[in-house]
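Trainee: Below are the structure tokens for one structure; questions will follow.
Here, each number is a calculation from the coordinates, and none is a lab measurement. Keep in mind that this is a model prediction, so the values were computed, not measured. Cβ sites come from the backbone with ideal geometry, for glycine too, and all protein chains shown count toward neighbours.
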Amino acid sequence: MTRIEECKRELKNILKPGDTVFTVLRYCSASGMTRRIDLYAIKKSRLVYLSSYTANLTGNKLSRDGGIVISGCGMDMGFALVYELASRLWPKGTRKTHAGPARDGGYALRQEWI
């Protein structure tokens, strides 16, 4: 089993369609083009760190200073990161999301900033 497959399996054990992924902005460059964002979920009243699994699954770099390195601007980059995560977990869509069924798996998870 590859590292990507292991990460996908672990994330699917943690996350279910309709769950909320919480994002924390760790850093934003002066130009606003690069950010470092950490991802968390709450399971059984415990905070679960998702960034390392997500970075491996999505192919993004995990900064040693904390957070997944993501480039771009002009949109909510936390949403973009969670959308990418959900798209990789459920590429064919899901029967359940936070807003009902979706053919696009990217909408399977909710995202909130903390």
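Trainee: Provide the per-residue ³J(HN,Hα) series for the stretch 24-32, in order, calculated from phi with Karplus coefficients 6.51, -1.76, 1.60 and θ = phi - 60°, each as a whole number of Hz, with x at glycine and proline positions.
Mentor: Along the stretch 24-32, the couplings run 10, 7, 8, 6, 9, 5, 4, 6, x Hz.
Trainee: For LYS96 paired with TRP113, estimate the spin-label separation in nm (one decimal), with each label point 7 Å from Cα along the Cα-to-Cβ line.
Mentor: With each label point 7 Å from Cα toward Cβ, the separation is 3.0 nm.
Trainee: I would also like to ask the following. What aspartates and glutamates sit close enough to LYS92 to cross-link, taking a C-alpha to C-alpha distance under 14 Å and skipping anything fewer than 8 places away on the same chain?
Mentor: Once the sequence-local aspartates and glutamates are set aside, what remains near LYS92 is GLU84, ASP104.
Trainee: Working from Cα positions, state the angle (0 to 90°, nearest 10) between the long axis of helix 77-89 and the longest principal axis of the chain.
Mentor: Between the helix axis and the principal axis of the chain, the angle is about 40 degrees.
Trainee: Now a separate question. Looking at the chain as a GNM with Cα springs under 10 Å, which of LYS92, LYS61, LYS44 has the largest mean-square fluctuation?
Mentor: LYS44
Trainee: Right, something else. What lysines sit close enough to LYS96 to cross-link, taking a C-alpha to C-alpha distance under 27 Å and skipping anything fewer than 8 places away on the same chain?
Mentor: Filter leaves LYS8, LYS12, LYS16, LYS43, LYS44.
Trainee: Calculate how steeply helix 3-14 sits against the longest principal axis of the alpha-carbon atoms of the chain, using the helix alpha-carbon long axis, and give the answer as 0 to 90 degrees to the nearest 10.
Mentor: The two axes meet at around 70 degrees.
Trainee: I want to verify a result. In a Gaussian network model of the chain, Cα cutoff 10 Å, which of these has the top mean-square fluctuation: GLY32, GLY67, GLY93?
Mentor: Of the options given, GLY32 has the highest mean-square fluctuation.
Trainee: Just want to confirm a number: the relative contact order over the chain, from Cα pairs under 8 angstrom separated by 6+ residues, in percent.
Mentor: 29 percent
Trainee: Among ALA86, ALA55, ALA41, which one shows the highest mean-square fluctuation when the chain is modelled as a Gaussian network with alpha-carbon springs under 10 Å?
Mentor: Answer for the Gaussian network model of the chain: ALA41.
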